[in-house]
1. List every residue pair whose Cβ atoms lie under 9 Å apart, where the two residues are 6 or more positions apart in sequence or sit on different chains, the first residue falls within the range 79-96 and is modelled with pLDDT under 85, and the second residue, located anywhere, is surrounded by 15 or more Cβ atoms within 10 Å (Cβ to Cβ).
2. Only residues that are loosely packed, with under 12 Cβ neighbours inside 10 Å and either touching a residue at least 60 places away in the same chain (Cβ under 8 Å) or not in a loop (DSSP other than H, G, I, E, B) (or both): list them for the range 42-63, please.
3. With respect to the numbered conditions (1) touching an Asp or Glu at 6+ places or on another chain (Cβ under 9 Å); (2) at pLDDT below 95, which one is the sole condition not fulfilled by Q29?
4. Scanning for something surrounded by fewer than 12 Cβ atoms within 10 Å (Cβ to Cβ), modelled with pLDDT of 95 or more and either outside any loop (DSSP other than H, G, I, E, B) or small (G, A, S) (or both), does the range 8-19 turn up at least one residue?
Amino acid sequence: MQEYRETDSASASEASSQPAVAPQIELLQRLWAEALDVPSVGLDDDFFVLGGDSLAVARIVFEAATEGVTIDPNLFIQYRTIREMGSEVTLPNVPQ
């Protein structure tokens, strides 16, 4: 299983002092990394610079749906980073 962090160079002590990552951010990071076949995705990484295309969007939307999460494919044009897109994604049974 791949590990997804905002930065690979963070030590354990730095990681423990970082604020908790919202569940929708963790979900997006995992889905993007899997669809783009990259080890990790940072909050400010541009989807298209990482190699994202319409097929990757379709994979992400499909995988999210299997987890009960609806992601509008148009979000990828409007919001090109996870930081931007994160507030637009709502997880089931997670208070906002």
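1. From residues that are modelled with pLDDT under 85, the pairs are P92/V69; V94/A22; V94/Q24.
2. Correct list: S54, L55.
3. With (1) touching an Asp or Glu at 6+ places or on another chain (Cβ under 9 Å); (2) at pLDDT below 95 applied to Q29, the lone miss is (2).
4. No, the range 8-19 contains no residue that is surrounded by fewer than 12 Cβ atoms within 10 Å (Cβ to Cβ), modelled with pLDDT of 95 or more and either outside any loop (DSSP other than H, G, I, E, B) or small (G, A, S) (or both).
The values are calculated or read from the model by the stated rules, or taken from the named source; none is laboratory data. Small disclaimer: the values here were computed from a predicted structure and weren't measured. For neighbour counting, all protein chains shown are included, and Cβ atoms are generated from backbone atoms with ideal geometry for every residue, glycine included.
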